[in-house]
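Scroll down for the structure; my scribbles are underneath it.
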């Protein structure tokens, strides 16, 4: 018998995911002003990445053993402390500490909220709810971007977000969450034993290419349009807004589409849309209107992969869902790092055309890996 309100817990998860959306874009609008006043600020994104990776690795075994409530509060509080550090510190060491806390808290929030939603819904609803949860990442990122667009003094948006976070942390303290997993299921041996399941590894490498796609497109699209297509920087930057809007539009109806087409059919439909978008982006990169259409299609098309794949993982590994999500999301982050490194090296050599080719490669790789992962998962369920 459950001792919590599913709707209240889902609201809490959506708030945590929106905060993660803010976390991921927190430096984008303020790095320029920080560079003007603080030497060495360009190194802050690397510190954030380290924090996100550590938070992603640690959250799973902790929520499996101790439950969700206090780690959600801790992750949110760490992210809040990091945001306040960005708003108030000007010494580079304190800024690095703040951005590490922000990344660490963000890594916890991303993993925990996905695992939490996976645990509170059954197979019929899980995929759709994970899609809706993912839409709140886009909502948080968009609201943060708009706040900074209309309020150039970056400390005001940081303090506004902090006030909202405080209100939700209080909300987290007041509601009940699912209890920890049965302790006989939680041990270091069983957690490490998840690595022997080919289905988990296969699905994790689907996310490797998905996260690599998102990382490379997010980090290098503006530079590609500027350097390769000669697009105005402001117009090129706006293309990422269309990407985020497309992703949000793709995730909102995901549950209804999955009911009609099932998981695999939904994923292939979305990936086909993404592939069309990438081809348009490659062929018409000097046409602003077509680029915006292409980025919207790309965002829409890649919006289903994380929710659908996490739905499979959450259903297959319910006894240790937190740890399974930690493994999958860590491998996904490795994909993002690898794609960013390879694309960055290509751009350093002036090979800008590699970006759309890598995006096409990523979509094709996902299309090839998904049926392998699904088939492996079905074989595992029979045993």
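The values are calculated or read from the model by the stated rules, or taken from the named source; none is laboratory data. All of these numbers come straight from a predicted model, not from anything done at the bench. Cβ coordinates were reconstructed from backbone atoms using ideal geometry, including for glycine residues, and neighbour counts include every protein chain displayed.
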Hey, residue 247 part of a loop (DSSP other than H, G, I, E, B) and touching a helix residue (DSSP H, G or I) at 6+ places or on another chain (Cβ under 7 Å) or not: no
Qualifying positions in region 182-214 - outside any helix (DSSP H, G or I) and either more than 25 Å from the chain's Cα centre (by Cα) or modelled with pLDDT of 90 or more (or both): 182, 186, 187
Criterion (without any contact (Cβ under 8 Å) to a residue 24 or more places away in the chain, farther than 16 Å from residue 61 by Cβ and crowded, with 17+ Cβ neighbours inside 10 Å) met by exactly one of 333, 354: 354
Out of 370, 291, sole residue that is touching a helix residue (DSSP H, G or I) at 6+ places or on another chain (Cβ under 7 Å) and farther than 16 Å from residue 217 by Cα: 370
Selected residue (only one of 37, 49 is at pLDDT below 90 and crowded, with 17+ Cβ neighbours inside 10 Å): 49
Matching helices (runs of 4 or more DSSP H) fully within region 1-95 where at least 2 residues are within 24 Å of residue 334 (Cβ to Cβ): 6-25, 44-66, 69-88
Search result, residues across region 336-351 that are in a helix (DSSP H, G or I) and surrounded by fewer than 22 Cβ atoms within 10 Å (Cβ to Cβ): 337, 338, 340, 341, 342, 344, 345, 346, 347, 348
Matching residues, region 56-82, being crowded, with 24+ Cβ neighbours inside 10 Å and over 22 Å from residue 11 (Cα atoms): 82
Sole residue being part of a helix (DSSP H, G or I), at pLDDT below 90 and buried (at least 18 other Cβ atoms within 10 Å of the Cβ), chosen from 270, 312: 312
Hey, residue 331 assigned to a helix (DSSP H, G or I), touching a helix residue (DSSP H, G or I) at 6+ places or on another chain (Cβ under 6 Å) and within 20 Å of residue 45 (Cα to Cα) or not: yes
Evaluation of residue 44 against (1) more than 22 Å from residue 317 (Cα to Cα); (2) buried (at least 23 other Cβ atoms within 10 Å of the Cβ); (3) at pLDDT 85 or above (one fails), failing number: (3)
Residue check for residue 235: within 30 Å of residue 203 (Cβ to Cβ) and either out of contact with any helix residue (DSSP H, G or I) (no Cβ under 8 Å at 6 or more places or on another chain) or in a helix (DSSP H, G or I) (or both): no
Near pairs, Cβ below 6 angstrom, 6+ apart or cross-chain, from region 215-237 (buried (at least 21 other Cβ atoms within 10 Å of the Cβ)) to any residue that is outside any helix (DSSP H, G or I): 224/352; 225/231
